[in-house]
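What follows is one structure encoded as structure tokens, with my remarks underneath.
Only the coordinates and a few stated rules stand behind these numbers; no lab work does. Everything numeric here is computed off the predicted structure, so don't read it as measured data. Using ideal geometry, Cβ is built from the backbone for each residue, glycine included, and neighbour counts are taken over all protein chains shown.
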Amino acid sequence: GVEEALLHKTLQDALDGNRLARRKIMAMIARREAERAKRGARGKAAGGPITWKIEHADPLEPNEAMLILGIARRDPDWGTPSDPMKADGDDRLLLERWAVQAALGRRRGGAALEPKQIADINRCTHQSERIRWPREGNQ
């Protein structure tokens, strides 16, 4: 819903370099980690405060940011002998369905997706069978 769309926009802004959006994302991550620490403690003292070490990242390596932000995940089947597309040493990421869904919802113009576009989306998305397509026939 609306919360998911706002989160997606904030994530996109953070990836685009918006400092305020980065701070919001960092705050969300800190809250999530604090909650996880509370739930995981089970009678033990919860971990101390989260500290951040900020390093300059290579802008040509967005994969790590997509993994950290939950936009994508590593494809567990990538690199198997049955996958001839595997490039040595490279990970293949699958986009999370929520991110694809958000992108499909932001499409402008209303033109139907072409079969190749649909095939590419299905190939690159985790749980692609659960995508809600914007128009009938785009499956």
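Sorting check: for 13-22, 111-120, which peptide has the highest mean count of neighbouring beta carbons within 10 Å, and how do the rest follow?
The peptides rank, most packed first, as 13-22, 111-120.
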Exercise. Would you kindly derive the ³J(HN,Hα) couplings of region 112-123 from the backbone phi angles with the Karplus curve 6.51 cos²θ - 1.76 cosθ + 1.60 (θ = phi - 60°), listing them in order in whole Hz, with x for Gly and Pro?
Key: 5, 5, 7, x, 5, 5, 4, 4, 5, 4, 4, 5
